[in-house]
Each structure stands twice: as structure tokens, then as C-alpha cells.
């Protein structure tokens, strides 16, 4: 791919990313307005608290499988992809067991018996089940097929929102939010296998494993620090304040976090995949390419 064509692709991807993010936030905000009329405020706080720990497990165990597939020269090779997928599934199984182990102590710490059930259920779907997603999803990111990524994410989000609202209308409880999360996960898994490409299978390429974990140890440290920096406030507030206040805080944080979220989305979908295509260039030339790509995205 030439520098000019990559620049054009980066510009198109940036437009799609910003438009998709804006649409996603509008859908999310609109659904929250509806759900606040159907569900008690403390349910949002309880769900936010549970999600903190599930997300935390993901961050504290991140070895950078996704980033490795995007940037590695062997990222398109079936053996490399299948090895990355195998590591992902193993990690998901381990996290699922951890969710079962931490449910009881967290329920005791926060005085919420429902966490005994919520953490294992949500943990199982967001760790074990989601780990089986086809690695062909990562190829969309690797090759900057942003429009297809955005369309998929929006359709899945709409299905999830519709599921939550319908369930909340029929049975207004915490299970409406759980049901929506489960449906969203299952639809995402099924759709990933409808993408073109080979079906994944278990594999263990030693060279690929070494490359993934060599880069992954730095990603692990970074994501662990990110979790502490980003989630510490909700962990503390969940203990000090009522859950309804935590729910309100979470909705407000979602709105205030828009600029940072847009920047992170552009970095993961556009800037990092684009820069990865020139990773073998001499450093002075690479810096020039990074500047050009960054300028075109902004």
C-alpha cells in the first residue's frame, strides 16, 4: 500500500470512526433516558460496579493478542491467527474461573448479595464466551476496514439496546441489563463467524507465542496501570455512596469522557494499524510517516 492510498484510507476511516462514535453515543444516551424511566437508579449503580471488576479482569490479564495481530508481519497467516485465538480462549477460561472465585468476597465487601450471581454470569459471557469470537474480526482492524467495523458495532448495539428496553418493559429488574449484555455478546460472536475467512482452530506456534508474550508483558503493565487510574474512583464511590449515586455518576462520566474516548477509538482503529504498516522503516522515515498519518486523522 502506497503512502497516498494509506492517507486516503486513514481519512475515510477517521470520518467513519467519528460518525460511528457520535451515533453510538446518541443511541446510548437515548436508551439511558428510556431505561431511567423503567428501572430503579440503584440498578445502574450495581451494574456499573459489577462491570468494573469484569473489565478489571480483562485489563489485568491483557497480553496484547489484538495488538499483536494488527501489527505483526505474520498477522495474516492462519497459523499465527489460530495461535493468537488459542491464547485468547485459554485466557477467557482462566478469567471465567477467577470470576467465580471473586464473586463471594466482593459481595461481602460491598454488601450486595446479587453480586454472587451477577459476576459469574456476566463474567462467563464477557470472558469465556467472548473469547471464542473469530479472529477474522482482528483482520478488519489490521486492514483498516473501518466502515464495516462501525456498521457491525452499531447494528450489534441497536440489537442490545432493543433487548434491554424490551426486557425492562416486561420485567423491570437488574436482569434486563444482564439480558442485554448477554444478547450483545452472543450476536457479536455469531456475526464474527459470518465474516469472510477461515474458521479458527486450536494451534500452538512457539514462535508466535514468543512474539505475543514478548510484546504482551509491556501491554500487561500498561493496562494494569490504566485500570487503577480509570476505575479507582468508582471502586471507592461504590463503597462510600449508595448505588443510585454511583449510577448517576456513571452516566455523567460517560458524557464528560467523550473527547478521550474519541481519541482512543481513533488510535486503535486508524493510527495504530496505519503506523504498523511502516514499522520496518528507518526511525527518521517512520517518524515522518507517523506525523503525516496523525495530521491526516486530525
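Assorted remarks:
- Residue 84 assigned to a helix (DSSP H, G or I) and surrounded by 20 or more Cβ atoms within 10 Å (Cβ to Cβ): yes
- Residues that are over 24 Å from residue 22 (Cβ atoms) and in a helix (DSSP H, G or I) within region 138-176 comprise 138, 139, 142, 166, 167, 168, 169, 170, 174, 175, 176, listed in sequence order.
- Counting only residues that are farther than 30 Å from residue 275 by Cβ, touching a residue at least 40 places away in the same chain (Cβ under 8 Å) and assigned to a helix (DSSP H, G or I), region 112-137 holds 8 of them.
- Given (1) under 29 Å from residue 254 (Cβ atoms); (2) buried (at least 19 other Cβ atoms within 10 Å of the Cβ), number of the condition residue 190 does not satisfy: (2)
- Going through (1) at pLDDT 90 or above; (2) surrounded by fewer than 21 Cβ atoms within 10 Å (Cβ to Cβ) one by one, residue 112 falls short only on (1).
- Restricting attention to region 242-270, the residues that are surrounded by 13 or more Cβ atoms within 10 Å (Cβ to Cβ), within 17 Å of the chain's Cα centre (by Cα) and in contact (Cβ under 8 Å) with a residue 24 or more places away in the chain add up to 8.
- Of the numbered criteria (1) over 25 Å from residue 117 (Cβ atoms); (2) surrounded by fewer than 19 Cβ atoms within 10 Å (Cβ to Cβ); (3) touching a helix residue (DSSP H, G or I) at 6+ places or on another chain (Cβ under 8 Å), the one residue 207 fails is (3).
- Per the conditions (1) surrounded by 15 or more Cβ atoms within 10 Å (Cβ to Cβ); (2) within 22 Å of the chain's Cα centre (by Cα); (3) modelled with pLDDT under 80, the sole criterion not satisfied by residue 237 is (2).
- The residue that is modelled with the lowest pLDDT, counting only those in region 143-159 that are under 18 Å from residue 5 (Cβ atoms) and surrounded by 20 or more Cβ atoms within 10 Å (Cβ to Cβ), is 144.
The values are calculated or read from the model by the stated rules, or taken from the named source; none is laboratory data. Computed from a predicted model, the values in this text were never measured in an experiment. Neighbour counts are summed over all protein chains in view; Cβ atoms, including those assigned to glycine, are modelled from backbone coordinates with ideal geometry.
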